[in-house]
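Structure provided below as structure tokens; questions to follow.
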């Protein structure tokens, strides 16, 4: 292990940083788009099924194929990888946002209206906080997907931990495969843990139940 870090330590650090940047930006974009869209779909239910079906269809495209499809539009490098992974992150967040908002007890909405809240105020102050656990479950799932699929980004010159993994596969060096795989797994675990803590923080105290125990 010491020999590995001595030879590949700097490369591992660089690839890990690239992996984090690609994953973070993809997930951030997915969250910023999917949550508002999911909320909007609860107000326009006629198109909700169509939009979610399109997102589901995009999810079925093989990751490497989607990354390749981005090249004619964005060239190679980090940008096409971020766009492709952003597309993959949409479905879990979009679907869970829609489900979470739909499952809010109508009585809470009626109370908000009775207090004189506008539709937007009701969404921000009442419905979204109640839907947080469901929405965050989608974000956590999307984060796991994105971190895993980001390993393929190296195929289009985006860097990341996939550089070590596929270099190991090409040159029959198991230590490189392990050196790229283990950090990716640990990164997914750490990010999921942090998102779980964020979920607890954002969830109203009255709805946390046993999550703090």
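The values are calculated or read from the model by the stated rules, or taken from the named source; none is laboratory data. All of these numbers come straight from a predicted model, not from anything done at the bench. No Cβ is skipped: glycine too gets one built from the backbone with ideal geometry, and neighbour counts run over all protein chains shown.
For residue 163, state whether it is surrounded by 20 or more Cβ atoms within 10 Å (Cβ to Cβ), at pLDDT 90 or above and either more than 23 Å from the chain's Cα centre (by Cα) or assigned to a loop (DSSP other than H, G, I, E, B) (or both).
Working: surrounded by 20 or more Cβ atoms within 10 Å (Cβ to Cβ): yes; at pLDDT 90 or above: yes; either more than 23 Å from the chain's Cα centre (by Cα) or assigned to a loop (DSSP other than H, G, I, E, B) (or both): no.
In short, no.
Please go through segment 9-52 and give me each residue that is free of Cβ contacts under 8 Å to residues at least 60 places away in the same chain and farther than 30 Å from residue 122 by Cα, ordered by number.
9, 10, 13, 17, 21
Which of (1) closer than 15 Å to residue 158 by Cα; (2) within 19 Å of the chain's Cα centre (by Cα); (3) surrounded by fewer than 20 Cβ atoms within 10 Å (Cβ to Cβ) does residue 75 not meet, given it meets every other one?
(2)
Hey, which of the helices (runs of 4 or more DSSP H) in segment 21-130, taking only ones fully inside, have at least 3 residues that are touching a helix residue (DSSP H, G or I) at 6+ places or on another chain (Cβ under 9 Å) and farther than 27 Å from residue 191 by Cα?
By residue number, 45-59, 63-74, 106-114, 119-122.
If you don't mind, there's one more thing I want to ask. Taking residue 195 as the residue in question, decide whether it is more than 27 Å from residue 87 (Cβ to Cβ) and in a helix (DSSP H, G or I). Steps first, answer last, please.
Values: more than 27 Å from residue 87 (Cβ to Cβ): no; in a helix (DSSP H, G or I): yes.
No: the conditions fail for residue 195.
Kindly indicate whether residue 155 is closer than 30 Å to residue 58 by Cα, at pLDDT below 95 and either in a helix (DSSP H, G or I) or under 21 Å from the mean Cα position of the chain (by Cα) (or both). Before the answer, list the steps.
On the way: closer than 30 Å to residue 58 by Cα: yes; at pLDDT below 95: yes; either in a helix (DSSP H, G or I) or under 21 Å from the mean Cα position of the chain (by Cα) (or both): yes.
So residue 155 fits the description; yes.
Looking at segment 141-148, is at least one residue more than 23 Å from the chain's Cα centre (by Cα) and surrounded by 14 or more Cβ atoms within 10 Å (Cβ to Cβ)?
Initially, segment 141-148 is screened for residues more than 23 Å from the chain's Cα centre (by Cα), giving none.
No - not one qualifying residue is present in segment 141-148.
Right, something else. Residue 179: exposed (fewer than 15 other Cβ atoms within 10 Å of the Cβ), over 15 Å from the mean Cα position of the chain (by Cα) and modelled with pLDDT of 90 or more, yes or no? Walk me through how you get there before you give the answer.
Values: exposed (fewer than 15 other Cβ atoms within 10 Å of the Cβ): no; over 15 Å from the mean Cα position of the chain (by Cα): yes; modelled with pLDDT of 90 or more: yes.
Judged against the criteria, residue 179 is not a match.
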